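Structure first, commentary second.
The values are calculated or read from the model by the stated rules, or taken from the named source; none is laboratory data. Since we're looking at a predicted model, the values are computed, not measured.
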Amino acid sequence: MYQKVSVDLEQHMYQKVSVDLVQHMYQKVSVDLEQHMYQKVCVDLVQHMYQKVSVDLEQHMYQKVSVDLEQHMYQKVNELL
């Protein structure tokens, strides 16, 4: 009887510990992945937004300078004529 109870308890404890460890590991991995994915998405979005804004600003500045130069040249030519 005593050995039977011991063995049952031992197996039960072992299974309990195994299950707890597996659940803990699974939750840990899930949380790590979730955080990693979240950070990845945030970083990607920030970089994308930054590049988008940079490109938009660059194009805008370029167009602005082109237009200003063109108008200036046009006026200059008119004055000369």
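State the number of residues belonging to the stretch 9-32 that are modelled with pLDDT under 85 and among the charged types (D, E, K, R).
1
Hey, does the stretch 37-45 have a residue that's among the aliphatic types (A, V, I, L, M), assigned to a helix (DSSP H, G or I) and over 15 Å from the mean Cα position of the chain (by Cα)?
no
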